[in-house]
There are 2 protein chains.
Amino acid sequence: MLSAACKDSIRAMIYIAKLQKEGYREKFVSIHKIAKDLGLSFYFLSKNFQKLVKAGLLESHRGPQGGVRLLKRPSEIRLIDIVEVIDGMEFFNNCILGFEECSDQNPCTIHNLWAEKREEIYSMFSSTTLEDAIKNIDKFSNVKV
Amino acid sequence: MLSAACKDSIRAMIYIAKLQKEGYREKFVSIHKIAKDLGLSFYFLSKNFQKLVKAGLLESHRGPQGGVRLLKRPSEIRLIDIVEVIDGMEFFNNCILGFEECSDQNPCTIHNLWAEKREEIYSMFSSTTLEDAIKNIDKFSNVKV
DNA sequence: AGGATTTAAGAGTATTTTATCCTAAATATA
DNA sequence: TATATTTAGGATAAAATACTCTTAAATCCT
Ligand code: FES
Ligand code: FES
């Protein structure tokens, strides 16, 4: 469902938010460090981050002490924002059976069932923020980041 | 979420079920006809069907008047059965953030949220049969197959 | 100013998925 | 039995995705 690029990006964003307690306008975190700490490819991650920077979710800074930092508070960045930038909204707009159009007016044989579930997934991603994810780290003792 | 191969296969299975009103042990339907009627690639579809035949969801027959037909009643073939054969169960077993393990004992930061939604998607696919899909064709006037 | 650090950008490579093609095998029917 | 029809399976090609590398630009620090 999520591309590898999107999975990496979400993990990284959560990690940045976790480092920046209050969440933004703090020290820049180097992409190299993030990739190393999370076991991700530096090359792949820095490439994907370029989109998040362009989209205004991250601010980047070059040179020593450079890196990236959030442009909003963790409570203001939703998972769906990241998904939209990296993967786009195709998943939430397209027919699950591959038809060109997907709407109540032009449904496929399982549209009525799928559209409902899909809406719930959308709700989940749009109601969950980086702050919510961080809270789970404390809430559950054994969460992996 | 579903691969192109899986989307094609589900549509095709629903179409076969629709042709075979009572559902199985009827005339074979040629793959060529199915592909033509649904606007799918004959080559791609026949390749994917090989898996469904091996898995026992379809029976195939070569030669004139040959083709494929269902091995069970449409009410006995669930969408999840097709998904499992074509795409596998990775979607329902793997962590949405890409971690190796996914379980309540070893959760990622959004496992608690995602596992619930994923379970509902699984329920949808495992409680919907080819017969249910066909019924929607009659139930809603404008359904595309 | 000069060197070190760090992201940006784009080109390049690898892998996976999707799609096509070709030949063989099975089989109905004329 | 000969022929046309139809799937099986292996091989190949094309496209999409994932990943890497190289060079450039910005910026800090001495
Ligand atoms: S038309 Fe198929 S899911 Fe909406
Ligand atoms: S561990 Fe990530 S979804 Fe289960």
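The values are calculated or read from the model by the stated rules, or taken from the named source; none is laboratory data. A quick note: this is a predicted structure, and the numbers were derived from the prediction, not measured. Using ideal geometry, Cβ is built from the backbone for each residue, glycine included, and neighbour counts are taken over all protein chains shown. To get the accessible areas, we keep the full protein, side chains included, count just its heavy atoms, and leave off ligands, DNA and RNA. Shrake-Rupley method; radii C 1.70, N 1.55, O 1.52, S 1.80 Å.
Observations on the structure shown:
- Residues of segment A:103-117 classified as more than 8 Å from chain B (Cβ to nearest Cβ) and either open to solvent by 50 Å² or more (accessible area, probe 1.4 Å) or among the β-branched types (Val, Ile, Thr) (or both), total: 2
- Against the test of being within 16 Å of DNA strand D (Cβ to nearest atom) and either at the interface with chain B (Cβ under 8 Å from one of its Cβ atoms) or not in a helix (DSSP H, G or I) (or both), the options A:Glu100, A:Glu120, A:Glu84 yield a single qualifying residue, A:Glu100.
- Test result for A:Val85, among the hydrophobic types (A, V, I, L, M, F, W, C), crowded, with 16+ Cβ neighbours inside 10 Å and within 9 Å of DNA strand C (Cβ to nearest atom): no
- Of all residues in segment A:62-81 being more than 13 Å from A:Asp132 (Cβ to Cβ) and among the small types (Gly, Ala, Ser), the one that is farthest from the other protein chains (Cβ to nearest Cβ): A:Gly63
- Residues of segment A:122-145 that turn out to be open to solvent by less than 20 Å² (accessible area, probe 1.4 Å) and over 14 Å from the mean Cα position of the chain (by Cα), as a count: 1
- If you go through segment B:40-75 and keep only what is open to solvent by less than 50 Å² (accessible area, probe 1.4 Å) and touching a Gly at 6+ places or on another chain (Cβ under 6 Å), you end up with B:Leu70, B:Pro74.
- Check on B:Phe44, more than 14 Å from every other protein chain (Cβ to nearest Cβ) and away from ligand 2 (no atom under 16 Å from the Cβ): no
- On inspection, A:Lys21 passes the criterion of being away from DNA strand D (no atom under 16 Å from the Cβ) and open to solvent by 60 Å² or more (accessible area, probe 1.4 Å).
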